[in-house]
Amino acid sequence: MDDAPRRASGVQSLDRAFALLEIMADAGGEASLSQLADSSGLPLPTIHRIIRTLVGNGYVRQLPSRRYALGPRLIGLGDKASRMLGTWARPHLAQLVEELGETANLAMLDGDKVIYVAQVPSPHAMRMFTEVGRRVLPHSAGVGKALLAQLTDDEALATITRTGMPAATDRTITGPEDFVAELGRIRDRGFAIDDGEQEIGVRCVAVPVEGAPSGMAVSVSGPEARVSWDFVDHAAPIVQQCAESLATDLNNQS
């Protein structure tokens, strides 16, 4: 009879621990006790108790400033989770390549940057190749723009203010007002386009994976000679369908 209350208390502690970790992540990876209390609504003694446990297990570390930051043990978990995500996504990306003939990618926001977590290459000899694990600034990449379009304008502007908007090519959008207008166009049509903004001669169609457990985007990319504007019109609904199928699959796995 006494086991049920203990189990309930244990589950509640887990919920609270995960909530504190997510608050730190949303705050850029670190937070003060007062921030954790304000965001979680938990009393400080409860936060102290949970944080001590997380610090003791390496999932949180205390900084010299006495703020708390995400700890090194999360890196290994994240790496393994990323590999599993790639495993689940690969059949969906392979289907995209089979239908469209161009390289397919899956990417996620990692802090303020975009990280590529899975790829299936095009069968063409001349094809696009982005190393899995590569991080890029979001304002110049199709997947980055698709991901930022899922945020509010203020949240997206805060991100690009922190990262800056350097020009990767002469087509890169480098003005905040122009970028906000681009985000509006992406939301209206349901997909983003990288028209040589990240790499000269490369065009990309990217779609957010809406409803997935965490923010991610799917894309197909290739040389402009093959990825024409007619190709973009043809590919966009196919990539959107892939994103919907992947979201369903990931939610079922969860």
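The values are calculated or read from the model by the stated rules, or taken from the named source; none is laboratory data. As the structure is a computational prediction, the values presented were derived from the model and not from experiment. Ideal geometry is used to build each Cβ from the backbone, glycine not excepted, and the neighbour counts take in all protein chains shown. Surface accessibility is based on the protein's heavy atoms, side chains included, excluding ligands, DNA and RNA. Shrake-Rupley method; radii C 1.70, N 1.55, O 1.52, S 1.80 Å.
Can you tell me the FRET efficiency between E22 and L44 if r is taken as the Cβ-Cβ distance and R0 is 22 Å, rounded to the nearest 0.05?
After rounding, the FRET efficiency stands at 0.75.
For the chain, which whole percent of the accessible surface, found with a 1.4 angstrom probe, sits on carbon and sulfur atoms? The value for the chain is 52 percent carbon and sulfur by accessible area.
Stretched out fully, how many nm does the piece from R73 to D195 gain, at 0.36 nm a residue minus the Cα gap? Can you show the working numbers first?
Values: separation 122, 0.36 × 122 = 43.92 nm, distance 3.86 nm.
Between R73 and D195, full extension yields an extra 40.1 nm.
Each label was represented as a point 7 Å from its Cα along the Cα-to-Cβ direction; for S228 and E98 these points are 2.6 nm apart. For region 41-186, the relative contact order comes to 13 percent (Cα pairs under 8 Å, sequence separation of at least 6). As a rough guide to protection, the peptides 101-107, 14-20 ranked by mean Cβ packing within 10 Å, highest first, stand as 101-107, 14-20.
Rg/Rh for region 177-229 stands at 1.01; both radii use Cα atoms, and Rh follows the Kirkwood definition.
log10 I(q)/I(0), Debye, Cα-only region 19-74, no solvent, q = 0.26, 0.28 Å⁻¹? Debye output, listed in q order: -1.08, -1.25. Taking the C-alpha atoms only, the angle from helix 153-163 to the longest principal axis of the chain is near 90 degrees. Computed on the Cα atoms alone, the convex hull of the chain gives a volume of 148 cubic angstrom per residue.
Using C-alpha pairs below 8 Å separated by at least 6 residues, the relative contact order for the chain is 14 percent.
What's the Cα-based Rg to Rh of region 101-165, Rh via Kirkwood?
1.04
From largest to smallest, the equivalent ellipsoid semi-axes obtained for region 122-254 from the alpha-carbon gyration tensor read 21, 20, 14 Å.
Roughly what would the spin-label model give for T161 and W88, points 7 Å off Cα along C-beta, in nm? Rounded to a tenth, the inter-label distance reads 3.4 nm. Annotation: per residue accessible area for region 181-254 equals 43 Å², rounded to a whole number [probe 1.4 Å, protein chains only].
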